[in-house]
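Asker: Please read through the structure below; I'll follow up with questions.
The values are calculated or read from the model by the stated rules, or taken from the named source; none is laboratory data. Every value quoted in this text rests on a predicted model; they were computed, and no experiment measured them. Using ideal geometry, Cβ is built from the backbone for each residue, glycine included, and neighbour counts are taken over all protein chains shown. Ligands, DNA and RNA are excluded from the accessible area calculation, which covers all protein heavy atoms including side chains. Shrake-Rupley method; radii C 1.70, N 1.55, O 1.52, S 1.80 Å.
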Amino acid sequence: MGLNYYHIIKQVRETRKLVIKGTSTAGSGHPGGSFSMAEIMGCIFFKFLRYDPKNPLWEDRDRFVLSKGHASPGLFSNLAVAGYFDKSEMETLRKFESRLQGHPDFKCPGVEFCGGSLGIGLSFSIGMALAARIDGKPHRIYTIIGDGESDEGQVWEASMTASKYKLDNLTVFLDRNFIQQDDYTEKVMPLDEELVSDDISEMWKDAARWKIGDKWRSFGWNVLEIDGHRVEQIIKAIQSAQQTKGTPTIIVSRTIKGKSVEHMEDNPKWHGVAPDPKIAPIIDLELDCQFLISPSIIAGDMTNLENEVKRAAHGRADFIHLDVMDGQFVPNTTFDHTKIKELRPITQIPFDAHLMINEPVKHVRNYVDAGSDIITVHAEVCDESSFGEIHDILRGNEVSVGLAMNPETELPSWAEKFIPDLDQIIVMSVVPGKSGQKYIESTHGKVQRISKILSDKKFTGFIEADGGIDLSNIGSCFLDGARVFVGGSAIIGQKDVRATMSEFRKRVLSARRKLLIQKAYELGGIDLVNKWIDLHEVGKKKTDLIQIAKEAGLE
Amino acid sequence: MTEMTDMRTMYGETLIKIGEENPNIVVVGADTTDSLKTKPFGKKFPNRFFNVGIAEANLVSVAAGLAIEGKIPFASTYAIFLPGRCVDQIRNAIAYPSRDDKKGLNVKMVVSHGGLSVGADGGSHQQIEDIAIMRVIPNIRVMIPSDTVTVSKLVWIMSQTYGPFYMRMARSKTPVIHSEAQDFEIGKGIVLRDGSDCTIAACGITVHMALEAADALKQEGTSCRVLDLFSIKPIDSALIEKAARETGGIVTCEEHNIMAGFGSAVAEVVTETYPVPMRRIGVQDKFGESARDNEIPLLFAKHGITSINIAKSVKDIRSKSR
């Protein structure tokens, strides 16, 4: 079973957009804390939670309790995407007689706990967990608490109680975003260590300073500590919690307040302020411009692919790109599913398997079983029927579905019906078969063209640029419409993979900023450009943006 | 000699009886389960009994979580630690959550050690604000039984009536007021003595004082109607209006601050239905103090809560209204 990676991140993207829609229409609300928990919510709602939107009180459903109730837009948006009510209802957030109250309320179907007053939700969840135990019911209770909320003494009363009663049907997430209403948590009431300077990133650099996990451990909990924005880590942590018997589990998730919107990220101001409706379309575009880096390990030492996977993981890759070549579809041979199976235990990072093989429909199950999370097959060796079969196999196994095209290939007409549901489209910018080739320049035009066609046909997935991607062209590939970047020799071929990948990200970020400045200009001229740039208060973002605007002549 | 019985013992025994009949009855305590006499329930039904330690906020919130899942939790500790300490959790986790037409969650908050009669533990432990706190929270019903018969009947009724309840019991043994045959209904008061000259309305242990005062006044030829208004919210407006209309004056008595308490609740009805002179006997907006069991009458006397004062107030009303 795969991670269902793209499915989750697509839903997360949509929920974030709905949060912006709701809060900007309402003129108030809490986007920051809704965004810090967005990936956690996405994994719970679209991977684990058992529920029926048509029957919200179905007895055997899993329960979800949002204890940090001020992040209600984040809950409502997930309920909307899950189908409890129409997405357009998000526009009624906080309005008179709306079901979507300022804080979660039973008026809204799917809400399990009326939050708002902090520190109560964990105790409430314990009541639910005890009731399930009395009734011998197997359903689970998932609860999210905040770090600011952890100042409340009741959280610790509850912590002891859950431990005493060995509530292994209870899984709690601590949304550790380091920011509460007044300031950084480590300034207001340190959960780890007191922060002396004004730079919160100080806390991220030294894991020895993180104490909150120890607090929970000493209270008798099974404690898992993860990056709360990495889907694969969230999923593995929940799976581990489900298998843990005899203690409740808390997943301490390090997150970023306002995650995915640069000007909100790590800025305490965005705890409880709604975005200006004029800025909202720029934020929407920013959310559409999330990008991922997928290093291709065959560019490294083919005799020690295990090590290449480790290097990619250490470098903080989003995916590991696995080029499978069968010596028939392409002249070269790399490895097959048996190798993928061997590599699988090395890392939790999603495996992005690119099958350059003939008759993929005959082999695709092997690649699913080997542990691939995304499988891309080539348009040249599929037709409507075989791709349909592949699609169904992958979906049935929560593996994301990709379709690849060689430089000479256009999007086949049989593929059209699949477009709205496709997760990933690889547009090859080299002739596949070997690593280290130069980017074919005409691909820029091709991606721009395909990108336009795809968006007209309601494509919600990601275009992956693959072949000859390096620092010189990654920015323009992004502007063409690509959102996932395979790096072969330009990443794996480099000595310091982490630094190289960080440089890749910076280039894409810079291109994205340029795109957003242009968007701001289209929407509201220089005034809106300046207004938007001014929002970027944390770090040196603002200086960088002014520079980009200057270069674009939009300052 | 009036028989004296213990409310907490009756509470614990009744819980076991209803627990046998209804598997959804669960009991939650906070390190006072021995005192509240709920421990035997825990012995009998270990899977339905939870002691969360000295953590009252947690107590009521865990109870709320049990209630949303269809359990009928009885959450118990001393009065001083429940309404006063947990008003936020009671409001937001129990009273506020309302799904469809169910108002609030089905939690029964039953406390002992209400009012001044706590005695020796002193002013810090004498909850004289709970009626006020609990009755202003929407959806919560407030009960103050006068004896063990009422306790037993109310526990049965609460277990079968959806919604959040607050019931306050006294620490010490109390005289038996009602017969086993007495019917109890939420929102209905009980006329203990009929009379035409004045009405004395009381709740909890002051009902006994009201009866003593009525007996004394009877000797002097004054006929008092005595009401046991154990259901403070909802209150029996019809019975109060009738008493006002037929007796022309009302004296209330409570071991609680006279502000926003029982007397105030009666006065709210009287002023809006049939205004007549009233006197409210109760704690005059100050705190209590320690008193050993045999000194408790002195403590009450210091606060003016006595049958003699009730009788005086009746006379006062009657003299003014002539």
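Asker: Roughly how many Å is it from the Cα centre of region A:528-555 to that of region A:255-327, as a whole number?
Answerer: Their Cα centres are 22 Å away from one another.
Asker: Give the residues of region B:285-302 whose amide nitrogen is closer than 20 Å to a point set 7 Å from the Cα of B:Q219 in the direction of its Cβ.
Answerer: Only B:297-298, B:301 pass the distance filter.
Asker: So for region A:301-416, taking the charge dipole from beta-carbon charges (+1 Lys/Arg, -1 Asp/Glu), which of A:C382, A:F319, A:L355 sits furthest toward the positive end?
Answerer: It is A:F319.
Asker: To continue, here is another question. Below 20 Å, Cα to Cα, which aspartates and glutamates can A:K137 reach? Residues fewer than 8 away in the same chain don't count.
Answerer: A:D52, A:E59, A:D60, A:D62, A:E112, A:D168, B:E69
Asker: Can you give me the C-alpha center-to-center distance between region A:142-168 and region B:78-141, rounded to a whole angstrom?
Answerer: 23
Asker: For chain A, take the convex hull of the Cα atoms, compute a quarter of its surface area, and give me that in nm², please.
Answerer: Working: hull surface 99.4 nm².
Result: 24.9 nm².
Asker: Related question: Provide the net charge surrounding A:G258, with neighbours chosen by a C-beta distance below 12 Å and charges set as Lys +1, Arg +1, Asp -1, Glu -1. Don't skip to the answer; put the middle values down first.
Answerer: Numbers: positive: A:R16, A:K257, A:K259, A:K269; negative: A:E262, A:E265, A:D266, A:E286, A:E537.
Net charge around A:G258: -1.
Asker: Can you list the residues of region A:136-159 with backbone N under 12 Å from a point 7 Å past the Cα of A:Q181, pointing along Cα to Cβ?
Answerer: Counting only backbone N, you get A:149.
Asker: Something else now. In percent, what relative contact order does chain A have, based on Cα pairs under 8 Å that are 6 or more apart in sequence? Mind showing how you got there, number by number?
Answerer: Working: 1134 pairs, mean separation 72.4, N = 555.
After rounding, I find 13 percent.
Asker: Let me ask something else. How much net charge surrounds A:T143 when only the other residues with a Cβ under 12 Å from the Cβ of A:T143 are counted, with Lys and Arg +1 and Asp and Glu -1?
Answerer: Result for the neighbourhood of A:T143: -1.
Asker: Which one of B:N257, A:A499, A:I450 has its Cα pushed farthest toward the positive end of the charge dipole of the protein assembly as shown, where Lys and Arg give +1 and Asp and Glu give -1 at the Cβ?
Answerer: Working it through, the farthest residue towards the positive pole turns out to be B:N257.
Asker: Specify the inter-centroid distance of region B:1-45 and region A:395-412, based on alpha-carbon positions, in whole Å.
Answerer: So the two Cα centres are separated by 67 Å.
Asker: Another question, then. Across region B:4-175, how many lysine pairs, 8 or more positions apart or on different chains, have C-alpha atoms separated by under 18 Å? Please give the number.
Answerer: Close lysine pairs under the 18 Å cut-off: 17.
Asker: Something else now. Measuring with a 1.4 Å probe in the full set of protein chains, what accessible area per residue, in whole Å², belongs to region A:496-555? Display every interim value, and only then the final one.
Answerer: Numbers: 3150 Å² over 60 residues.
That works out to 53 Å² per residue.
Asker: Counting other Cβ atoms within 10 Å, keep those with at most 12, restrict to DSSP loop, and tell me which GluC sites (Glu not before Pro) in region B:210-277 are left.
Answerer: Values: sites: B:E212, B:E220, B:E241, B:E246, B:E254, B:E255, B:E268, B:E272; in loops: B:E220.
Hits after loop and neighbour filter: B:E220.
Asker: What number comes out for the charge environment of B:L116, summing +1 per Lys or Arg and -1 per Asp or Glu over other residues with Cβ under 15 Å away?
Answerer: Values: positive: B:R168, B:R171, B:K286, B:R292, B:K302; negative: B:D121, B:E129, B:D130, B:E254, B:E255, B:D285, B:E289, B:D293, B:E295.
Spelling it out: positives minus negatives among the neighbours equals -4.
Asker: Mind putting a number on the dipole of region B:190-321 about its Cα centre? Charges go on the C-beta only, +1 for Lys and Arg and -1 for Asp and Glu, and I need it in Debye to the nearest 20. Show your work: numbers first, answer last.
Answerer: On the way: 15 positive and 18 negative charges, 64 e Å.
Charge dipole, region B:190-321, about its Cα centre: 300 debye, nearest 20.
Asker: Among the GluC sites (Glu not before Pro) in region A:63-117, which ones are in a DSSP loop with at most 14 other Cβ atoms within 10 Å of the Cβ? Mind listing them? It would help to have the intermediate numbers written out before the result.
Answerer: Details: sites: A:E89, A:E91, A:E97, A:E112; in loops: A:E97, A:E112.
Taking region A:63-117 and a limit of 14 other Cβ atoms within 10 Å, the loop GluC sites (Glu not before Pro) found are A:E97.
Asker: With a cap of 14 neighbouring Cβ atoms within 10 Å, and only residues DSSP puts in a loop, list the trypsin sites (Lys or Arg not before Pro) found in region A:476-555. It would help to have the intermediate numbers written out before the result.
Answerer: Working: sites: A:R483, A:K495, A:R498, A:R505, A:K506, A:R507, A:R512, A:R513, A:K514, A:K519, A:K531, A:K540, A:K541, A:K542, A:K550; in loops: A:R483, A:K495, A:K540.
Those satisfying the criteria are A:K495, A:K540.
Asker: Once R0 is set to 60 Å, what does the formula 1/(1 + (r/R0)^6) return for the Cβ-Cβ distance between B:D183 and A:M1, expressed as a FRET efficiency to the nearest 0.05?
Answerer: Working: r = 62 Å, r/R0 = 1.03.
It comes to 0.45.
Asker: Follow-up question, since we're still on this one. Quick one: buried accessible area between A and B, total over both chains, 1.4 angstrom probe, nearest 100 Å²?
Answerer: Working: alone 21490 and 13370 Å², together 32680 Å².
Using a 1.4 Å probe, the pair buries roughly 2200 Å².
Asker: Determine, from the Cβ-Cβ distance of B:T5 and A:E91 and an R0 of 56 Å, the FRET efficiency 1/(1 + (r/R0)^6), rounded to the nearest 0.05. Let's see the in-between values first.
Answerer: Details: r = 61 Å, r/R0 = 1.09.
After rounding to 0.05, the efficiency reads 0.40.
Asker: Computed FRET efficiency, Cβ-Cβ of A:K417 and B:F287, R0 51 Å: what is it to the nearest 0.05?
Answerer: Details: r = 78 Å, r/R0 = 1.52.
After rounding, the FRET efficiency stands at 0.05.
Asker: If you don't mind, there's one more thing I want to ask. Quick check: from the Cα gyration tensor, does region B:4-175 come out rounded (a/c under 1.5), prolate or oblate?
Answerer: Values: a/c = 1.43, a/b = 1.12, b/c = 1.27.
Rounded, since a/c falls under 1.5.
Asker: Hey, what did region B:4-175 get for relative contact order, percent, Cα under 8 Å, at least 6 apart?
Answerer: Working: 355 pairs, mean separation 45.5, N = 172.
Relative CO of region B:4-175 lands at 26 percent.
Asker: Could I ask something else about it? Relative contact order for chain B: what is it in percent, counting Cα pairs under 8 Å that are at least 6 residues apart?
Answerer: Numbers: 730 pairs, mean separation 52.5, N = 322.
Here the relative contact order equals 16 percent.
Asker: Here is a follow-up. Please give, to one decimal in nm, the separation of the simple spin-label points placed at A:E359 and A:A207, each 7 Å out from Cα toward the Cβ.
Answerer: Label at A:E359, label at A:A207, 4.7 nm between them.
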